Every structure is written in structure tokens, then in C-alpha cells.
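S.K.: Below are the C-alpha cells for one structure; questions will follow.
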Amino acid sequence: MLTIHTGTNRDAVAVEGDRIAAVADVDALRAGYPGARVREWPGELRRGAGWESVLPQAPSPRERVHALLLRGVTAVASGAFDDDPALGPAAARVGLSVGTPAPLAAGSRADFAVFAPDGACLATVLAGRLVHRRT
């Protein structure tokens, strides 16, 4: 199902499967995709963050990866997993990319985040899937 995600900055992305179908103002996307589900987020929708260093410490590899999702990280540098061989599989299970964050552009993988005015991450989306939502 096609979903339009929009934030307070009025920027929006139409997501179909794991790809961005279109990027535009929310009104243009609503008009272009009248049957789409719309998720309105109370923050700024933008490209996800990258992570360059060792992952934050936590009790398990899954929790170390989740700590990144809580920060709006959508891609990590290849060396970030060097201290624990279980981190790569944990990141792959959730869909975290290795490399640089994907651009918000039609045809790109649907990786993005929504940030509150104070910088806190409200939601992280990887390959079109909502993997973190602050409650």
C-alpha cells in the first residue's frame, strides 16, 4: 500500500514498498495519490542520519542497533561493527544500511527520520518500514 509521510515542514514522501515513489509538498502528493494512507508526523521529516563510529554500548547487539534507530540513524559506516561480530547480522535484520544515508529522492530506498524541534527522533523508517516510533 502506498503511504504518504509528512512532517511539520510540509515536506512529504510517498512510499511504495521499500522505495520512495515521489517527494513533494504534502498537498501535491495528496492530490497525486488520492487513495494513499497518510501518516502525519509532529516533527520535521528529513533524510536519516549517518553513524561513523562504534555503536553505543548496550546489553545486546539488538539493543545496540536499536540505540541508533532511536537517534534517527539510517546508515552506518562499515567499521562501526568491528568490535562485535553479532552487530552486522542484528543490523541486517532491521534493515540498517552500511554506507551513507539514502537521499530523499524518487527511486531511492525509503530511509528517513522525523525529528522534533528539540532534535529528538520521533520516527525512523528503513526500507519503507517504521522501525522506531517514540511513544
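S.K.: To the nearest 500 deg cm²/dmol, what mean residue ellipticity at 222 nm is calculated for the chain from DSSP H runs of n ≥ 4 alone, each contributing -39,500 (n - 2.57), summed and divided by the residues?
M.R.: -5000 deg cm²/dmol
S.K.: Note down the net charge around residue 10, summing +1 for each Lys or Arg and -1 for each Asp or Glu among other residues with Cβ under 9 Å from its Cβ.
M.R.: -3
S.K.: Within a Cβ distance under 14 Å of residue 51, other residues only, what is the Lys/Arg minus Asp/Glu net charge?
M.R.: In short, -1.
S.K.: Sort out for me the Cα centre separation of the range 97-111 from the range 1-24, rounded to whole Å.
M.R.: Their Cα centres are 13 Å away from one another.
S.K.: Please identify the longest segment of the chain free of exposed trypsin sites (Lys or Arg not before Pro), where exposed means a DSSP state other than H, G, I, E or B and no more than 15 other Cβ atoms within 10 Å.
M.R.: Of all site-free stretches, the longest is 11-133.
S.K.: Could you tally the net charge around residue 113, taking each other residue with its Cβ under 10 Å from the Cβ of residue 113, Lys/Arg +1 and Asp/Glu -1?
M.R.: +1
S.K.: Counting DSSP beta bridges in the range 1-113, what percent are antiparallel, to the nearest 5?
M.R.: The antiparallel proportion sits near 55 percent.
S.K.: Moving to a separate point now. Which of the GluC sites (Glu not before Pro) found in the range 25-62 are loop residues per DSSP with 14 or fewer other Cβ atoms within 10 Å of their Cβ?
M.R.: 52
Just so you know, all these numbers are worked out from the coordinates, no wet-lab data involved. Given the structure is predicted, the values throughout are model-derived calculations rather than measurements. Every residue, glycine as well, gets a Cβ built from its backbone with ideal geometry; the counts of neighbours run over all protein chains shown.
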